[in-house]
Amino acid sequence: MADTTDTTAGGVAGDDTRPISGRTGAKAGGKASGGKRAGKNAAATAARSGSTGPGGPGGPSKGRTRPDKSTGGPAKDAPAKTGGGAGNARTDGEPEAATAAPGAPAPGAPVDGVSRRRLLGTAGAAGAASLIVGGVAGATGAEAVRGKPTPLTDVGSGVVPFHGTHQSGIVQPAQAHGHLVAFDLTGGTDRRGAAALMRRWSAAAAELMAGRPPQGDDSGVALDAGPSSLTVTFGFGRTFFDRVGLTDRRPDALEPLPAFTADAIDGKRSNGDLWVQIGADDALVAFHALRLLQKEAAGSARVRWQMTGFNRTPGATAQPMTGRNLMGQIDGTNNPKPSSADFAKKIFVPDDQQGTDSWMAGGSYAVVRRIRMLLDSWDNLSLERQERVIGRRKSDGAPLSGGTETTRVDLDKMGADGALSIPGDAHIRVASPANNRGAAMLRRAFSYHDGFLDDGAPDAGLLFIAWQADPLKGFVPVQRKLDRGDGLSRFLRHEASALFAVPGGCDEGGYVGQHLLEG
C-alpha cells in the first residue's frame, strides 16, 4: 500500500482548503394575536405541564412573548432576537429562562420550535406522545420555510465544473461522502451501445454537478440541496476493450497489476468494464447521483461491485487541516501538489500523447484498492510504537526527525541513542519518493466501515485511490517496496483491487470517452 499516512487522503496538497462552514444568526420578527384568550391558554398549558417561571406557578414569565395559536410564532408587535437556534429567542429586556433539569426544555419554552401548548392542543393524550416523537421535525421544518431563514452553512453551494481538459474528482479535495461503483456491460451492448451509455451518463453528470435535476428525473432525493461539490468521474477497465471490439486501442498501461504477497484479493469485488467515482459533501446528493447513473445504465450495464466511503465534513475543524484516517493518523501530508513543476507529468497523460492510446491525452490512471485496517491489533500498540511504525507523531503529524507536519522528512537523522530517528521499516521511509526513484502518486481516498466481522473485528479501512500518468511507474514500484519491508503492512489487508483508464474531460455537447468510441 502506498503511504497511507503520509500521502493517501487529505486532498491535493494534504489540506482541505474549502471554506469552513459556519453558523449565522438572523433577526426574526413576527405578529400574532394576543389577548385574554391567549393568556388563558398559556396559563392552562403551564399549569398542565407543572412548570414554574419568574411570574409565579402556572404563569408565563414576565415580558415573555406568547406563541401565536395559528403559527406557533412570537406574539404580535413583539420582535425577538435569535441567537442561531430554535428555542433561544427572547424579547428585548427579557430575563433568562429558569434553569431546567438536564435534558428537559426550559419552562414555557417551545419544544424544537413548536410550543408544548400547540402540541397538546392538536392531539389527544394518546396521540401527543407520538406527535412529539415523530412530528416535531416536520412542523419545525415547515415553520423554517415560512420564515425564509438564512442558510446555516455554505456546504451545499460548492460547484465543480463537469466539462474541461481533465475530469473532475482527481485534483479536487476528497469530499465527505463517496461511492465507488464498477459495472460490467451486458451481453448485447456493443461499441455503439457503450457510446450511448457514456453520452447519457455524461449529460446526467453535467446537470447533477451544476445542481440541476437531469431531464426526466423526478425522484426528488436531492431536490432541496445544492450541488455540494459533487464530482462524477468515469473510467474504463481492461475488459471493456474486449467487449466493445477495441482491443487494439487498449493502452499498455492497463496491463494487470502484479500480485503482491500481502494481497487477499476478492475477485468479485475487483476490476470491472466501467468505473464511476462519485463524491459530494452531502450524503443525499452523492446517493442521488449513484442511483440515477445506475438507472441510466439499465439494459446496457449491470453493477459488478459498489463501495461507500467517507471523510471528515468540511467545517468540522476550527481551521482547514489535513484529515485523519481510521488509525487516527494525520493522512495526506506529502501528497503531490499542483503547484509542483512535475505534477502534471506524474499525474496526467501528456496532452500530445500519440499512438493507439492518443485518446487518453489529458487523462489519468486510477488504481483502486479496498484496504482493511486491522484496527484491533493496531489499537493494542502503544502510542510510541504506533508512531515508530508510521514515522510521524500522532498528535500533529510531524516527522520523528523533528519539526512540524510540513517539515521535510530527514531520513538520515540519528537519535540520542544512536539509532535512526525514523526506523528503517517506518511507513514514510519505505514509501518515500527518495527511496523509490522519484515514483509518486496523487492519493485521494475515502475511509469505510462496513460493520463487523464474525470475530467482532471492525470491517473498516481505506478505499485507496491513486492517480498517476502510468501505474507501472507510480503505484507498482512503490507497492513492491512496501510489500517487502513496510512495518505498517502487518496491520493491513488488501482485499480488492482494480485499475482503470480515466480519459480526459469533454467539451459541452460531448461526452467522456468520445475520442475512444468514435475515433
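Tabulated results
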| item | result |
| --- | --- |
| Region 234-294, accessible surface, carbon-and-sulfur percent (1.4 angstrom probe) | 52 percent |
| Within region 423-501, trypsin sites (Lys or Arg not before Pro) in DSSP loop having at most 14 other beta-carbon neighbours inside 10 Å | ARG437 |
| Accessible area, probe 1.4 Å, largest first, for residues LEU223, LEU254 | LEU223, LEU254 |
| Virtual spin-label span in nm between ALA264 and ASP351, 7 Å along Cα→Cβ | 4.7 nm |
| Per-peptide average of other Cβ atoms within 10 Å, ordering 380-387, 316-323 highest first | 316-323, 380-387 |
| Cross-link table LYS337/LYS394; LYS295/LYS481; LYS295/LYS346; LYS346/LYS413; LYS345/LYS481; LYS295/LYS345, entries beyond 32 Å C-alpha to C-alpha | LYS295/LYS481; LYS295/LYS346; LYS295/LYS345 |
| Full-stretch length increase - VAL159, ARG480 - with 0.36 nm per residue and alpha-carbon distance subtracted | 111.7 nm |
| Net charge contributed by nearby residues that have their C-beta within less than 13 Å of GLU296 (K/R +1, D/E -1) | +3 |
| Apportionment of accessible area to carbon and sulfur, region 364-519, percent (1.4 Å) | 46 percent |
| Counted charge near LEU230, where neighbours are those whose Cβ lies closer than 10 Å (Asp, Glu -1; Lys, Arg +1) | -2 |
| Cα-centred dipole magnitude for region 173-272, charges only on beta-carbon of K, R (+1) and D, E (-1), debye, nearest 20 | 260 debye |
| Per residue, in Å², the accessible surface of region 244-320 once ligands and nucleic acids are set aside, probe 1.4 Å | 48 Å² |
| Highest-first arrangement of 413-420, 294-301, 348-355, 277-284, where packing means the average Cβ count within 10 Å | 277-284, 294-301, 348-355, 413-420 |
| Cut-off 14 Å between beta-carbons: net charge of the residues surrounding ASP266, Lys and Arg +1, Asp and Glu -1 | +3 |
| Leading residue at positive end of dipole, region 330-414 (Cβ point charges), from PRO350, LEU383, TYR365 | LEU383 |
| Inter-label distance for SER219 and GLU518, nm, one decimal - labels placed 7 Å from Cα along Cα-to-Cβ | 2.7 nm |
| Where region 334-384 is the region considered: accessible area per residue in Å², 1.4 Å probe | 49 Å² |
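The values are calculated or read from the model by the stated rules, or taken from the named source; none is laboratory data. Please read all numbers here as calculations on a predicted model, not as lab measurements. With ideal geometry, Cβ positions are generated from the backbone for all residues, glycine too; neighbour counts draw on all protein chains shown. With ligands, DNA and RNA removed, areas are computed over all heavy atoms of the protein, side chains included. Shrake-Rupley method; radii C 1.70, N 1.55, O 1.52, S 1.80 Å.
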